[in-house]
Amino acid sequence: MRLRHAILGVAAITALGACVPASGETKPPAAAAAPAAVTGIEAFRGSWVGASQGEGDTRRAAALVIDASADGGLFLRWRSAEGPRDGAANDDQLKMRENTAIFAPGKTPNVWSARADSGAQAKARLEGSVLTTELTAKTGGQTELQTYRRTLTAPGKLSLHYTRTVNGKVDSTIDADFVKLP
């Protein structure tokens, strides 16, 4: 069973490892800064990897890139690999997902809006150590709202609380912990 976990982990890291900043450049790691020294969107900027245990028997690995442009814009790209737990039906099935949102600078500081690759309307806001992204889409007469609440819990550590709501009712939730890559 541990071999399957290792294979899923390696596959996810390989598939998710292509996340790079919007600029396409890679930067050498900055010297460690005191937690109070990095604030605002700069504290979130970079590449993050994590894993989650959502509802049911699904295992997930994820990568996230957060970048800011000189003009005040915001770039988010998230990728995930998910599959059932060992011993569950379709144990070899692996689903890959990716979404990108490029937010133009907003009129209000720390508030952005954009249209995601999926066509969903996206809004993001930064309040202290919490970056919240909401994606809203209407399909088949139903309104779906996906909320990603990313909270910096310590230098280089981020927690995610994801909620999917359909027509005002919570459909699913996921909690995950991420670490920042050097």
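Extension gain Arg149-Asn110, at 0.36 nm per residue separation less the Cα-Cα distance, in nm? Mind dumping the intermediate values first?
Values: separation 39, 0.36 × 39 = 14.04 nm, distance 1.46 nm.
That works out to 12.6 nm of additional length.
Ignoring any ligand, DNA or RNA, what whole percent of the accessible area of region 122-179 comes from carbon and sulfur when the probe is 1.4 angstrom? Don't skip to the end; give the middle numbers.
Working: 1530 of 3100 Å².
In region 122-179, the share of accessible area belonging to carbon and sulfur is 49 percent.
Length gain on complete extension for the stretch Thr173 to His161, per 0.36 nm per residue less the alpha carbon to alpha carbon distance?
My answer for the length gained is 3.6 nm.
With a cut-off of 8 Å between alpha carbons and a minimum separation of six or more residues, what is the relative contact order of region 118-182 in percent?
22 percent
Round to the nearest 10 and report in Å² the accessible area of Ile102, as given by a 1.4 Å probe over the protein chains' heavy atoms.
120 Å²
Accessible area per residue, 1.4 Å probe, Å², for region 77-182: what's the number?
Ligands and nucleic acids excluded, the result is 58 Å² per residue.
The values are calculated or read from the model by the stated rules, or taken from the named source; none is laboratory data. It should be emphasised that the depicted structure is a prediction, and the values quoted were computed from it without experimental measurement. The protein model used for the area step is the full one, side chains on, heavy atoms only, and it has no ligands, DNA or RNA in it. Shrake-Rupley method; radii C 1.70, N 1.55, O 1.52, S 1.80 Å.
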